[in-house]
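Novice: One structure, pasted below without further comment.
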Amino acid sequence: MSTNHVQSAVTVLGLGPMGRALAGAFVEAGVRTTVWNRTAGRDTDLVGKGAVSAATAEEAVAASELVIVCVVNYDASDGVLRREDVTAALKGRTVVNLTADTPQRARDTAVWAAAHGVDYLDGAIMTPAPSIGTTEAVFIHSGPAELYRRHQPVLAALGGTHTHLGEEIGRAAGFDIALLDIFWTTMAGYVHALALAKAEGIDGRELAPFAQGIGAILPPLFAEFAEDFDSASYSGAINPLTSAVSTMAHVVHTAEAHGIDSGVMRAAEGLVRRTIALGHGGDGASRLAEVLGRR
């Protein structure tokens, strides 16, 4: 197929909120876009804007060399891609899987793709659906660099920034999982704080500005802890673990006095106490990552 065809046509499999946003951005950018979804009827607005509706996944795959998949998980994507008729239609084409799942699932899919003559890139979307097609969108990709370069012009139609993280196919999912870890543990802490604050007669609206102040000090700490961890210095000069564990205990005691479940904070406190018991009480929080990673 010609390079012009590669850069002017795309198929999107999966039309949940994110899939519809991806397809809409391609259509808006003037890319010939074929769409398919397991549940019928989700493509009506996209067709009205110029997308082409495919009756089957096989028909959708056959319409473009570049196939974007965005469904709930790899069980769902396998259920589409590994059907015999679809697999046959994919031979010689490129799949960019933007479905969120684990790094190992990405590696397994790459092995399957290679065995069936399918070029494969894995990726992740790091921003919500409304960002797609804008400068705020953030995409990460991994897999063969030449393959990424070939399709980058059409992927650019999705807006925002696109970063190729390396040829090892699981790297994008690895970044995604690590960043989701940050997000969800942070959100778990925040909702726990909201419950604790309410129990103490503090409204969420009152707490929010101060919570944002806490959030503002985190970016430099992220960089500092990363340097400490990578260099194995584990500096505790500012806040050693022996000091940190005391404040964590205050949170647990206050919350549980109000009958608020503190399982997440208890787990964190337990990790700190275990690390102190191993002789690292004078170290900083980056030492916790080293202890967690021990085999």
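The values are calculated or read from the model by the stated rules, or taken from the named source; none is laboratory data. As the structure is a computational prediction, the values presented were derived from the model and not from experiment. Reconstructed Cβ throughout: ideal geometry from the backbone, glycine too, with neighbour counts over all protein chains shown.
Novice: Take the residues in segment 258-277 that are surrounded by 12 or more Cβ atoms within 10 Å (Cβ to Cβ) and among the hydrophobic types (A, V, I, L, M, F, W, C); name whichever of them is farthest from GLU227 (Cα to Cα).
Specialist: ILE260
Novice: Determine the pairs where a residue that is within 15 Å of ALA289 (Cβ to Cβ), located within segment 230-243, has a partner that is of a type in the set (D, E, K, R) and assigned to a loop (DSSP other than H, G, I, E, B) with Cβ atoms under 7 Å apart, the partner being 6 or more residues away or on another chain.
Specialist: TYR234/ASP283; GLY236/ASP283; LEU241/ASP283
Novice: Looking only at segment 10-20, which residues are farther than 15 Å from VAL52 by Cβ and surrounded by fewer than 24 Cβ atoms within 10 Å (Cβ to Cβ)?
Specialist: Scanning segment 10-20 gives GLY16, PRO17, MET18.
Novice: Restrict the check to segment 46-69 and report whether at least one residue is farther than 20 Å from ALA124 by Cα, touching a residue at least 12 places away in the same chain (Cβ under 8 Å), of a type in the set (Lys, Arg) and part of a loop (DSSP other than H, G, I, E, B).
Specialist: Scanning segment 46-69, I find no residue that is farther than 20 Å from ALA124 by Cα, touching a residue at least 12 places away in the same chain (Cβ under 8 Å), of a type in the set (Lys, Arg) and part of a loop (DSSP other than H, G, I, E, B), so the answer is no.
Novice: In segment 154-173, is there at least one residue being modelled with pLDDT of 95 or more, over 30 Å from GLY123 (Cβ atoms) and not assigned by TED's automatic domain parsing to the domain that holds ALA21?
Specialist: Among the residues of segment 154-173, not one is modelled with pLDDT of 95 or more, over 30 Å from GLY123 (Cβ atoms) and not assigned by TED's automatic domain parsing to the domain that holds ALA21, which makes the answer no.
Novice: Which pairs have Cβ atoms under 9 Å, sit 6 or more apart or on different chains, and link a residue in segment 130-146 that is in a helix (DSSP H, G or I) to one that is at pLDDT 95 or above and among the charged types (D, E, K, R)?
Specialist: Taking only residues 6 or more apart or on different chains, the pairs are PRO130/GLU136; ALA145/GLU167.
Novice: Considering only segment 94-131, state which residues are among the charged types (D, E, K, R), surrounded by fewer than 21 Cβ atoms within 10 Å (Cβ to Cβ) and over 13 Å from SER142 (Cα atoms).
Specialist: Within segment 94-131, ARG105, ASP108 meet the criteria.
Novice: Would you confirm, using the coordinates I've provided, whether ALA173 is in contact (Cβ under 8 Å) with a residue 60 or more places away in the chain, in contact with a helix residue (DSSP H, G or I) (Cβ under 7 Å, 6 or more places away or on another chain) and in a helix (DSSP H, G or I)?
Specialist: yes
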